[in-house]
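J.: Input: one structure, supplied below.
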Amino acid sequence: MDLQFTRHRRLRQNANMRALVRENHLSIDDFIYPLFVAEGKDIKKEITSMPGVYNLSLDHLEEEMNEVVALGIKSVLLFGIPLEKDECGGQAYHDHGIVQEATRLIKAKFPEVIVIADTCLCEYTSHGHCGLIEGDQVLNDASLELLVQTAVSQAKAGADIIAPSNMMDGFVVAIRAGLDEAGFENVPIMSYAVKYASAFYGPFRDAADSTPQFGDRKAYQMDPANRMEALREAESDLMEGADFLIVKPGLPYLDIVRDVKNNFNLPLVIYNVSGEYSMVKAAAQNGWIDEKRIVMEMLTGMKRAGCDLIITYHAKDAARWLKEQ
Ligand code: PBG
């Protein structure tokens, strides 16, 4: 027999040969770990739909950070859960708001850790929308002013990176101008440039109690059916001065990650969101999947799709598994 074919298996024959030709690698340096910091005392409440993830008050934050740092994780993303919410989200831009205080605490005890502050209003507004409302509309330009105040107060508290997730138009240019004017020209903006109106945020909204009280977020977050729109969103944020671009959610949007990577050269971040985490955890708890292998395969797939950094609730587990290897 004289068959012509390629012997792909030559490069797969043993572990060291496979390691030699492996194209993508996960590193602990890729991970950003989200933390939910809650106003109040002695709170360490596991989020029902997100096993292993907690709402933490400041008195429990240091112990959590010790663990995070011991695992080699260098960046955290802070979400705040205030005691009081109001129409205008006043606790988001209060100088002693929960994210501002958590930032001060972390920077005092762990100065080398990169603190990324999520800049949004939805966790702080009584109506649960990401901006000011008038009637049933979320106001764009009026919301920008509050988002700028939020970002500046977070930078004042010591945040290393500002991550605006509100999806108002012009938030990057407005926040950039506000930061510069306040003397924070060296604080980068990690923009949630491409953020879809996704059902995968469900568990997060339980955790942060940020479900909109009326309507939904479809008039500001993107339609999951759209691809070209993602490029327009990424382009405008780049032009407005973003330093990083985020695509969110992760797994169902890997094609978008690749598109953004191919078209723009900013550091690209994927957000492996709450619903993606919950699905893995639920299946693992039922014994239906091999959690470690599934998580590492998912995270590697995200790197292969083209992202540089991964915001993930799996970060602590994945860091542990990488260390074991
Ligand atoms: C705030 C915000 C949300 C998430 C991050 N920032 C929720 C939302 O838009 O409703 C979701 C993160 C996750 O699901 O893990 N705008």
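J.: Report the net charge of residues surrounding Ala305, where surrounding means a beta-carbon distance below 10 angstrom and charges are Lys +1, Arg +1, Asp -1, Glu -1.
T.: +2
J.: Obtain the nm distance between the two label points defined at Asn265 and Ala197 by a simple spin-label model: each point lies 7 Å from its Cα along the Cα-to-C-beta direction.
T.: 3.6 nm
J.: How large is the charge dipole for the chain, taken about the Cα centre, if only the Cβ atoms of Lys, Arg (+1) and Asp, Glu (-1) carry charge, to the nearest 20 debye?
T.: My answer is approximately 1820 debye.
J.: Quickly rank 231-241, 307-317 as a protection proxy: mean count of other C-beta atoms within 10 Å, highest first.
T.: Packing order, densest peptide first, comes out as 307-317, 231-241.
J.: How long are the semi-axes of the equivalent ellipsoid of the range 117-272, defined as square roots of 5 times the Cα gyration tensor eigenvalues? Whole Å, largest first.
T.: Gyration-tensor ellipsoid for the range 117-272: 21, 21, 14 Å.
J.: Still on this structure, I have one more. Of Lys41/Lys323; Lys44/Lys85; Lys44/Lys74; Lys107/Lys303; Lys74/Lys156; Lys44/Lys261, which sit over 27 Å apart, Cα to Cα?
T.: Lys41/Lys323; Lys107/Lys303; Lys44/Lys261
J.: Please give the FRET efficiency for Lys44 paired with Arg232, using the beta carbon to beta carbon distance and R0 = 51 Å, rounded to the nearest 0.05.
T.: Efficiency, rounded to the nearest 0.05: 0.75.
J.: Which net charge results when you count Lys and Arg as +1 and Asp and Glu as -1 among the other residues whose beta-carbon is under 13 Å from that of Met50?
T.: Summing Lys and Arg as +1 and Asp and Glu as -1 gives 0.
J.: Write down the percent of antiparallel bridges among all DSSP beta bridges whose residues are both part of the chain, to the nearest 5.
T.: Close to 15 percent.
J.: So how do Ile161, Ile246, Ile270 line up by other beta-carbon neighbours within 10 Å, fewest first?
T.: Fewest to most other Cβ atoms nearby, the residues stand as Ile161, Ile246, Ile270.
J.: A follow-up question, please. Summing -39500 (n - 2.57) over the DSSP H runs of n ≥ 4 in the chain and dividing by its residue number, what mean residue ellipticity at 222 nm do you reach, to the nearest 500 deg cm²/dmol?
T.: Mean residue ellipticity, 222 nm, calculated: -12000 deg cm²/dmol.
J.: Right, something else. Grab the beta carbon distance between Ala283 and Glu181, set R0 = 45 Å, and tell me the FRET efficiency rounded to 0.05.
T.: Calculated value: 0.40.
J.: Same structure, new question: Can you tell me how the range 25-324 classifies by the Cα gyration tensor, rounded, prolate or oblate, using a/c under 1.5 as the rounded cut?
T.: Here the range 25-324 falls in the rounded category.
Read-outs throughout are calculated quantities, based only on the coordinates presented, and are distinct from any laboratory measurement. Predicted model only: the values in this text are computed from it and were never measured. Cβ atoms come from the backbone with ideal geometry, glycine included; neighbour counts cover every protein chain shown.
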